[in-house]
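Before we start, here is the structure in question, set down as structure tokens.
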Amino acid sequence: MYCRFCGKQIDDDSVFCVHCGKNLTENNKCNPKEQNNESNNPSQNTPTETDGGSSPWGLLLLLPVFIILLVVIIGATSYSRGYGIISRDLKSSDYTYTTSQDLTSYRITVIPLRDIDSCNIQLTLYNSKGEELFSDTISKTNLKEGSSYTYIFDFGFINSLSGSEVIYNITGKCK
């Protein structure tokens, strides 16, 4: 005879199906010919018999996991190639600064408001006639947020700052 639940062949005197484990009592036993006809009817088969037990919901649940895994793999690959860290030009909103001067030097103190990869200060000193007396650029790297970095431009001569002009430009890169 055939099990009326799973359609597989079992012994005629079975009380339980050896394949699906269902209880087969005298009231539930079927004629083997009827059972054979029922097992050939796809509407009587269980979902595991017709589609291997897969469900469209299972695939939908796996989709987000697959997408997250893909993003992680792409991100790790990009980062290892140097594309993961993006630097941009330094903006005045990335730091604060103060200046001070004496007769022979000019000081600019930079306090980063975020980590800065590189910070360059180009300073030029002009006399009262507009002639360039001094020009220099000082660069520092890996400036940490909240720390203080002083750039000292030492002219090497005594300069009367009255009538002279100091022009400086702060540039660099940060993340």
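May I ask for the net charge around residue 125, where only other residues with Cβ less than 14 Å from the Cβ of residue 125 are counted and Lys, Arg are +1 while Asp, Glu are -1? Let's see the in-between values first.
On the way: positive: 107, 129; negative: 102, 131, 132, 136, 154, 165.
That sum, taken over residues with Cβ under 14 Å, equals -4.
Say R0 is 30 Å: what FRET efficiency, to the nearest 0.05, do residue 120 and residue 74 get from their beta-carbon distance? Don't skip to the end; give the middle numbers.
Details: r = 34 Å, r/R0 = 1.13.
E(calc), rounded to 0.05, equals 0.35.
Subtracting the Cα-Cα distance from 0.36 nm times the residue separation, let me have the gained length for residue 167 to residue 107 in nm, one decimal.
Working: separation 60, 0.36 × 60 = 21.60 nm, distance 1.23 nm.
Taking 0.36 nm per residue and subtracting the Cα distance, the gain is 20.4 nm.
Relative to the present Cα-Cα distance, how much length would full extension add between residue 98 and residue 138 at 0.36 nm per residue of separation?
Numbers: separation 40, 0.36 × 40 = 14.40 nm, distance 1.59 nm.
Answer, rounded to one decimal: 12.8 nm.
What does the accessible area per residue of the stretch 110-175 come to in Å², with a 1.4 Å probe and no ligands, DNA or RNA counted?
On the way: 3760 Å² over 66 residues.
Here the residues of the stretch 110-175 average 57 Å² of exposed surface.
The values are calculated or read from the model by the stated rules, or taken from the named source; none is laboratory data. This is a predicted model, so every value here is computed, not measured. Ideal geometry is used to build each Cβ from the backbone, glycine not excepted, and the neighbour counts take in all protein chains shown. The area values use the complete protein model at the heavy-atom level, side chains included, leaving out ligands, DNA and RNA. Shrake-Rupley method; radii C 1.70, N 1.55, O 1.52, S 1.80 Å.
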